[in-house]
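What follows is a single structure, written as structure tokens, with notes after it.
The values are calculated or read from the model by the stated rules, or taken from the named source; none is laboratory data. Since the structure is predicted, the reported quantities are computational estimates derived from the model, not experimental observations. For neighbour counting, all protein chains shown are included, and Cβ atoms are generated from backbone atoms with ideal geometry for every residue, glycine included. Just the protein is used for accessible areas: all its heavy atoms, side chains included, with ligands, DNA and RNA removed. Shrake-Rupley method; radii C 1.70, N 1.55, O 1.52, S 1.80 Å.
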Amino acid sequence: MKKTIIFIVFLAAVLVLSSCITVNINGGDQTSGAITTAGQTTGAQTAEDVTSSEQTTGEEVTTEELIDTIPEFFAGYSGYWTNKDGKFIFIGEDEGKYRVSFGVWNAGGPFPAGNAQSIEAKDKTSFKLRVLIDALPDDPEWYGEGYDAYYYDLSLADVSADGERKITTKYIGETEASTFYYHTEPENPFLGQ
């Protein structure tokens, strides 16, 4: 009888713990961040530091009204998004992986880029896309010191109006949000303005 009670308690504990685990499978790079447990994380963090994330939504809406998968998000937001300072965010697919790249037009050099890991729809027009930024090795002759892979939570709001597609978000490493405008050509649409 004692063994049966211990077994039932053990089984209940396993069920409770397994209900707190989410496995994010998106066809991209599966790393230590692919398994997450309840708890809030924000901003840029190293892959080793991140072991948890919590998915929440704003108002109570049904999932049919929200973009709730990475392919669905990329179908609606793929392309170049550039702000008036010449910084851009590229959202698109590369060799079957959902990628996000950050850059500055005509600046040269390596810029942060990585695979999308998960998407959280805060409401119909606000999203948080978790990106695992690729590690960059040191290269003293070209750009200097590299960095380890880390997670970046790209929060954005769709503020499109009057037929013009635009989002507001913080460019990686910045503290202030700015407006980014959609375009399909790989060039700065504000050059010469």
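Quick look at the numbers
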{"quantity": "Solvent-accessible area per residue for the range 81-187 (1.4 angstrom probe, square angstrom)", "calculated": "51 Å²"}
{"quantity": "Sequence ranges 106-115, 134-143, ranked by mean other-Cβ count within 10 angstrom, highest first", "calculated": "106-115, 134-143"}
{"quantity": "Overall form of the range 70-115 per C-alpha gyration tensor (a/c, 1.5; a/b vs b/c)", "calculated": "oblate"}
{"quantity": "Neighbourhood charge, 12 Å Cβ-Cβ cut-off, centred on D158 and excluding it, Lys, Arg +1 and Asp, Glu -1", "calculated": "+2"}
{"quantity": "The range 123-153 versus the range 80-100: alpha-carbon centroid distance in Å", "calculated": "13 Å"}
